[in-house]
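Read-outs: derived from the displayed coordinates by stated rules, not from any lab. Source: prediction; values computed, not measured. All Cβ positions, even for glycine, are placed from backbone atoms using ideal geometry, and neighbour counts span all protein chains on display.
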Amino acid sequence: MKYLMLHTVDESTLPETEDGGVGEELTAWVDEMSARGVLLDGARLRPIADATTVRAPSGSPLVTDGPFAETKEQVAGYDVIDCPDLDSAVAVAASHPTTGLGAIEVRAFDDGMPDPEVPDQVAEGKRRYLMLVCADMRRAMAREAEADTSEPAAGDESDDGEDEIDRWIVDAGARRIYGWPLDLPDRAVTVRRVDGKVVTTDGPFAETKEQIAGYDLLECTDLDDALAVASSHPVAGGGVIELRPLWA
Amino acid sequence: MPRSDVAVALSFEQSWGRLVAGLIGWCGDWDLAEECAAEAFAAAVPAWEASGIPDAPLAWLTTVARNRARDRMRRRTTESVKLALASAAEDEVAAAEDEDIPDERLRLIFTCCHPALPMPARVALTLRTLGGLTPAEIARAFLVTEQTMDKRLVRARAKIKHAGIPYRVPPPELWAERVEGVLAVLYLMFNEGYAASSGDSLLRIDVSAEAIRLTRSLVDLIPGEQEARALLALLLLTDARRPARVRDGRAVPLAEQDRGRWDLDQVAEGARLLEADPPWGPYAVQARIALCHDVAARPEDTDWGAIAELYTLIPPTPVIELNRAVALSMAHGPEVALPLVEALAGDLADYYLYAATLADLFARLGRSAEAAAALATAIEQAPTGAERRLLRERRDALLDVSGA
């Protein structure tokens, strides 16, 4: 199964360097997990001062500075890992140096995700952005909880949504490297280290109205190009999209 | 030689924005462009004093700034910069005429006002890179420390670089939205400067005048944009009243201002700018409202009915509704306006002019106790000392009349 490790740290406590001050440990972790075939993709993100958010309450996108939610800890990077089950994914996360700086949210991707194919080199004249797709998922979570005990309702609207997503993917073309939806946030596990011991808690890294529902990795010429892709995403109408430049 | 001092100052007014805009386009590095532009201006003073003002001052400044930039780039060591240097070094030929230098200020304006930057950073960056104000001057104007302002500017430039905000004039599909964004920045800049000019500190840089100058340049650069012209009109028609706005450190309300001190040239220029046909955007409507006030020789000559009507043409925000209610109270009496104002209580509870308006309506209706209570709230919420003083005087006058 594929899991997302979402690294979250309080930026104000971090040195502003590419590796967040954990260089050697990080390299060792990446080398080991790559060699074991566990690590499929990952990157550090530029700080939230470089984040841009798009909301489109009525179809005309509203672009603002900053992340999608004001939280004590901010998303600072991500890794995609392939593990047999949640316990082993949590163990992989627990061995990552971020647990000494902040927390790692571990959440499964929805089923059927292909291995991400991300070229090592950024294409000439392009930049990469992580596009976090966020939405108020409380209703989806409630529906899912309901569905555990009853038959799924007929005439589910999700097919429409998938068509829209497919059209969006076609339109984004080469500007989108890959992307996949995540399992619901209430099924996430958050891993931290407290007094040297690994502690796991149930749920996402922060309780916010909107939660990360999935992401896409973009490769665009500039921020306006990425904003055009983000504003045409079907969720933009009812949710929020955060664009974060990758640490180049 | 004072003459050349003047020339540098003049050239600064006209050339700074163009120089910086051109340098950023040339080297892609905002910090470098600004540093070298500042050095070129500094170098101009002794050079021009010694050998006179060059025929093409902007070309002179551009050449000096580029040479400084090349020196600095050479001192850097990374390969990518060396590559950039190699391509930049190819256009060594200095333009002989200022007219030969393309005006890239539009790219600069749109980038400074990009919606991905925080609003305070957009204002500060525009004042710095286009207006040529120093960080210290901008800091004083906005009552923050120089360190805070420096940080704000550094962070904004860093975001432009790291988030990949393009240095360009927006394409047609983004044009309307981005023009609106630029106008919003200039309007905010003007208002902040205007509010500060009635505050306790009179020694600050005149940000409103700067906003008017920048809006004027924008109108020259995009003459087809009616709302840009309307914004310039609005700023001029508002600013025309400035000489009468403050007396002895006290804000003077419109009705009590010495109208003889209003700047009639600015009123005339604003009126000329509005000589276009409808449809009117929000700035054009607000400018026409300002004009209604400016052309009234005495307060009682004000066409309040027309003003109330104009307010219905703007998307109704709570503040717009409050202003419309005031106009209605002047045209048709306080009893008509009171329910409209009271309905805004939820939206405007923290806005001192809401409480002040309520107080005025209560007073005119003879409800002194309620008027005094509303004034007490307004005094607490007023943003500057001049406004607090004015409100206190009103309260004292009210208490005298009611004998309390």
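Could you list B:320, A:212, B:165 in order of exposure, starting from the residue whose Cβ has the fewest other Cβ atoms within 10 Å?
Ascending Cβ contact count within 10 Å gives the list B:320, B:165, A:212.
Which percent of Cα pairs goes in each bin when the distances of chain B are cut into 20 angstrom slices starting at zero?
In whole percents, the pair-distance histogram is 23, 51, 22, 4, 0.
Could you give the length gained by full extension between residue A:10 and residue A:144, i.e. 0.36 nm per residue of separation minus their alpha carbon distance, to one decimal place?
Taking 0.36 nm per residue and subtracting the Cα distance, the gain is 45.1 nm.
Calculate the dipole size of chain B relative to its Cα centre from +1 charges on Lys and Arg beta carbons and -1 charges on Asp and Glu beta carbons; express the result in debye to the nearest 20.
In total the dipole reaches around 1120 debye.
Expressed as a rounded percentage, what relative contact order does chain A have, with Cα pairs under 8 Å and six or more residues apart?
32
Treat every Asp and Glu Cβ in the protein assembly as shown as -1 and every Lys and Arg Cβ as +1, leave all other atoms uncharged, and give the resulting dipole magnitude about the Cα centre to the nearest 20 debye. Mind showing how you got there, number by number?
On the way: 67 positive and 110 negative charges, 521 e Å.
Using only the charged Cβ atoms, the result is roughly 2500 debye.
Looking at chain B as a GNM with Cα springs under 10 Å, which of B:51, B:329, B:217 has the largest mean-square fluctuation?
For chain B, modelled as a Gaussian network with Cα springs under 10 Å, the answer is B:51.
Against the 2.2 N^0.38 Å scaling, with N counting residues, where does region B:115-202 land? I'd like the Cα-based Rg ratio to two decimal places.
Taking N as the residue count of region B:115-202, the ratio is 1.16.
Can you sort B:134, A:64, A:52, B:238 so the residue with the fewest Cβ neighbours within 10 Å comes first?
On the way: B:134 14, A:64 17, A:52 27, B:238 23.
The fewest-first ordering by Cβ neighbours comes to B:134, A:64, B:238, A:52.
Calculate the radius of gyration of the Cα atoms of region B:273-404 to one decimal place, then report Dmax, the largest Cα-Cα distance, as a whole number, both in Å.
For region B:273-404, the Cα radius of gyration and maximum Cα-Cα distance read 15.9, 53 Å.
May I ask you to derive the FRET efficiency for residue B:67 and residue A:60 from their Cβ-Cβ distance with R0 = 60 Å, giving the value to the nearest 0.05?
With a Förster radius of 60 Å, E is 0.85.
Can you give the angle from 0 to 90° between the axis of helix B:368-381 and the longest principal axis of chain B, with both taken from C-alpha atoms, to the nearest 10?
Taking Cα atoms only, the helix is inclined about 20 degrees.
Can you list the trypsin sites (Lys or Arg not before Pro) in region A:1-102 that are in a DSSP coil and have 13 or fewer other beta carbons within 10 angstrom?
Values: sites: A:2, A:36, A:44, A:55, A:72; in loops: A:36, A:72.
Loop-located and lightly packed - A:36, A:72.
Using only the alpha-carbon atoms, how far is helix B:352-364 inclined from the longest principal axis of chain B? Give it as 0 to 90 degrees, nearest 10.
Relative to chain B, helix B:352-364 is tipped by roughly 30 degrees.
Mind checking which of A:66, A:217, A:86 is farthest towards the positive end of chain A's charge dipole, using Cβ charges of +1 (Lys, Arg) and -1 (Asp, Glu) about the Cα centre?
A:66
Could you give the semi-axes, largest first, of the ellipsoid that matches the protein assembly as shown, computed as the square roots of 5 times the alpha carbon gyration tensor eigenvalues and rounded to whole Å?
Equivalent ellipsoid of the protein assembly as shown: 49, 37, 23 Å, largest first.
How shielded is A:64-72 by partner chains, expressed as the average number of their Cβ atoms within 10 Å of its Cβ atoms? Walk me through the numbers on the way to the answer.
On the way: counts 5, 12, 2, 0, 0, 0, 0, 0, 0.
Mean partner shielding for this stretch: 2.
Set the Förster radius R0 to 30 Å, insert the Cβ-Cβ distance between residue B:336 and residue B:272 as r into 1/(1 + (r/R0)^6), and round the FRET efficiency to 0.05.
That pair, residue B:336 with residue B:272, gives E of 0.30.
Tell me the GluC sites (Glu not before Pro) within region A:96-132 that lie in a loop according to DSSP and have at most 12 other beta-carbon atoms within 10 Å.
A:117, A:124
Taking the Cα centre of each part, how many Å lie between region B:10-57 and region A:222-240?
Between the Cα centre of region B:10-57 and that of region A:222-240, the gap is 39 Å.
Per-residue mean of other chain beta-carbon atoms within 10 angstrom of the beta-carbon, peptide A:234-245?
If you average over the peptide's residues, the count of other-chain Cβ atoms is 1.
Given an 8 Å cut-off on Cα distances and at least 6 residues of separation, report the relative contact order of region B:111-174 as a percent.
34
Using a 7 Å offset from the Cα along the Cα-to-Cβ direction at both residue B:247 and residue B:45, what is the distance between the two label points in nm, to one decimal?
4.1
Whole number please: convex hull volume per residue of the Cα set in region A:1-116, in Å³?
125
Please compute the average number of Cβ atoms from other chains found within 10 Å of each residue's Cβ in peptide B:156-163.
Rounded to a whole number, the mean comes out at 5.
With an 8 Å Cα cut-off and a minimum separation of 6 or more residues, compute the relative contact order for chain B in percent.
10
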